[in-house]
Amino acid sequence: MSTKTINKRISLISVVALGVGLLSSAPASATNTLVAATVIGGGNANTLSSSDTNPVPVDHVLNMASELSADGTTTVDANGTARAAGAIKSIGLLAQSDISGTLVAGTTQTAVLLSTGTLSVLTSTGAATVGMIQVTGGTIASTGITAVGAFSPTAVAFGDTNADFAVAIKPNAGATSMVVELYATDSAAVTPATLFDGTATGLLTGRINVTVSSASVAGTLSASTSGVWYDSDGAASARTSDEVFSGRGTSNYDTNQYVNVRARDAYGSALTTGLLTASATNGALVKFGSGTSTPTASSDFYSSALDNVILTVAAPNRDGQSTVVTVSHNGTVIGTKSFTFRGQVDKITLSAPVNGLRNNSTAGTNTFTAVFSDKNGTALPTATTAVPSGGFGTSASSAYALSLTTDASTALPAATVTFTCPDTTSTGNAIATYANIGGTIITSNALPVSCSRIAWKYTASYDKAVYLPGEIATLTVSFTDVDGKPAADSLTSASDNATHIVQVISESQMTKVGAAHAADDLRTLNGNLTFKYIVGQNVGTYSNSINFPQVNANNSRGTTGAVTVAFTIKSATTAVTNEEVLKSIVALIASINKQIQALQKLILKR
């Protein structure tokens, strides 16, 4: 047999799994109660394979002959002549499956057959079996049944021969679909003749919905069944969609990424011939093979088993870049995928400092944020093999000692940096450095940072003096230290920091927005705490007490008691007072005087 013929046969007998969209819409068959499910499922898969092995014939089970005829010769001997099941062949059978996708006989099966082909089906008869194979849209060409009870071009009935047999079926001219059904019974009262003429009935134990094709597209790439899918670990996992995993499509420059390439024909059969090619933009590297392959070039090709192949994608350097990878079969694009590789540190941006507590180095208290990014502006996680946290340092010109306290790999896009405020330092710049693996040193921006002492005194005020019922009022409490500077924002302990102290605030005609005040653990911002309230409905003038006992106790020169803040609630329908009327008249007269003066100047100019 020639190599060309063998390749054609292999392309037709690859493992397939047809989608329902290609198949007849006939309903699924009834449950085959005559045969145990374990018997149906055991070795009765309808699978086109390179070994050309037919499934084992089973009583009451309808199977297709998976063995394919390479030369188009007889598939089933003339009527009345037995033939071994293993020697029965189909002609032009392009694909086979079943509705559930398991390829197991006993359910409704599916097939694709050339219009010039022949479908051979297999079954067996027990000592008490009577059965009938019936065809719609096709014609029975021959049977290998030794005891045919009744026969017509579209049906053949048989009984109690206790033998394996086959039926060869051709589609009718012009037919686009064909249905083959098996009816069976173990009833002693039923004969092949009565089953054939409808006097008796059997149980529907098998059905094959056949799509008849005028031409074969076996071995030709199909966009609907092929694809390029993201894969997390470089294991050939026969994907049919992108794998869902954290960080998909993005990694550090030292971490490879993968896709699973599927190249199949319209019948779902894996392609066995042709050439897979892959190319990457922006200098990225690609390599077909296993997940352990090492990419060395921006393009690669592959000509072995073309389906279920892993393609490894790697960064060409430490700079960081994005790339688009295109995979094709014999020049026809299968799919594209985008990848981003984060580079080494090219920039450090420091921002958002708290007002630090002087002489305090407690981790996580005096803090600001730091963003590490590559030359493309992509934020980088630290504490990785590509960006180790050990590269972080303090510039010699920094007024503060710095330490990276929160790993950016879990806090993108910003990491947390702790700074130490010496007791002699009130203001200065924080400057960080980062030493890349390649030896380059990156210096951050100079971030102005201030340090203060604990809260010594506080004042309070509402954002307005007069409110309408239902308005939102903002209460601001401002804390200063012994030097008159905004108090430190950092937390150390409840005994020395006002922002960690239970506050006692009265709420006359005010309803706090959010949780109640009791035992709030709040942190100031630039020495300030803010609270939101819904203003009540009762018109009048009121005052509330704001009290931070610990601040009062810090020093006798600070606040020695609660502060009181007054406000007024005014109804929207309240009548205008005499004072308001007089104020409006005065404003109107002043406006008229200005207009008269302007008019006089204009007349004099003329």
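The values are calculated or read from the model by the stated rules, or taken from the named source; none is laboratory data. This one's a predicted model, so the numbers in the text were calculated from it and none came from an experiment. Because the Cβ atoms are built from the backbone with ideal geometry, glycine has one as well, and the counts that use them run over all protein chains shown.
Miscellaneous remarks
- Any hit, the stretch 247-268, residues being free of Cβ contacts under 8 Å to residues at least 24 places away in the same chain, part of a loop (DSSP other than H, G, I, E, B), of a type outside the set (D, E, K, R) and over 17 Å from Tyr302 (Cβ atoms): yes
- With a requirement of 2 or more residues that are among the small types (Gly, Ala, Ser) and modelled with pLDDT of 90 or more, the strands (runs of 3 or more DSSP E) lying completely within the stretch 413-480 that satisfy it span 427-430, 432-435, 457-462, 472-480.
- Scanning the stretch 289-305 finds one or more residues that are crowded, with 19+ Cβ neighbours inside 10 Å and at pLDDT 95 or above.
- Residue satisfying condition, being within 13 Å of Thr185 (Cα to Cα) and at pLDDT 90 or above, within set Ile133, Ile140: Ile133
- Every condition in (1) of a type outside the set (D, E, K, R); (2) surrounded by 16 or more Cβ atoms within 10 Å (Cβ to Cβ); (3) not in a loop (DSSP other than H, G, I, E, B) is met by Ala193 except one, and the failing one is (2).
- Among the residues of the stretch 209-231, those that are over 16 Å from Val325 (Cβ atoms) and either of a type in the set (Ser, Thr, Tyr) or in contact with a helix residue (DSSP H, G or I) (Cβ under 8 Å, 6 or more places away or on another chain) (or both) comprise Thr211, Ser213, Ser214, Ser216, Ala218, Gly219, Thr220, Ser222, Ser224, Thr225.
- Matching entry among Thr199, Thr205 (being touching a His at 6+ places or on another chain (Cβ under 6 Å) and under 30 Å from Thr123 (Cβ atoms)): Thr205
- Note on the stretch 390-412: residues that are modelled with pLDDT of 80 or more and assigned to a strand (DSSP E or B) total 6.
- Of the strands (runs of 3 or more DSSP E) contained entirely in the stretch 274-378, those carrying at least 2 residues that are more than 30 Å from Asn445 (Cβ to Cβ) fall at 276-280, 285-289, 299-302, 309-314, 321-329, 332-342.
- Among the residues of the stretch 460-473, just one is of a type in the set (Val, Ile, Thr) and closer than 14 Å to Ser543 by Cα, namely Val466.
- Looking across Val309, Val345, Val286, Val327, one residue alone is touching a Lys or Arg at 6+ places or on another chain (Cβ under 9 Å), of a type in the set (A, V, I, L, M, F, W, C) and within 30 Å of Asp374 (Cβ to Cβ). It is Val327.
Conditions tested, residue by residue: (1) aromatic (Phe, Trp, Tyr); (2) modelled with pLDDT of 85 or more; (3) under 30 Å from Ala455 (Cβ atoms); (4) in the same structural domain as Ile472 (by TED's automatic domain parsing).
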{"position": "Val551", "(1), (2), (3), (4)": "no, no, yes, yes"}
{"position": "Gly561", "(1), (2), (3), (4)": "no, no, yes, yes"}
{"position": "Val565", "(1), (2), (3), (4)": "no, yes, yes, yes"}
{"position": "Leu582", "(1), (2), (3), (4)": "no, no, no, no"}
{"position": "Val586", "(1), (2), (3), (4)": "no, yes, no, no"}
{"position": "Ile589", "(1), (2), (3), (4)": "no, yes, no, no"}
{"position": "Asn593", "(1), (2), (3), (4)": "no, yes, no, no"}
{"position": "Gln600", "(1), (2), (3), (4)": "no, no, no, no"}
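- Odd one out for Asn355, checked against (1) out of contact with any Gly (no Cβ under 7 Å at 6 or more places or on another chain); (2) not assigned by TED's automatic domain parsing to the domain that holds Ser251: (1)
- Among the residues listed as Leu306, Leu285, Leu276, the single one being free of Cβ contacts under 8 Å to residues at least 40 places away in the same chain, assigned by TED's automatic domain parsing to the domain that holds Thr240 and not aromatic (Phe, Trp, Tyr): Leu285
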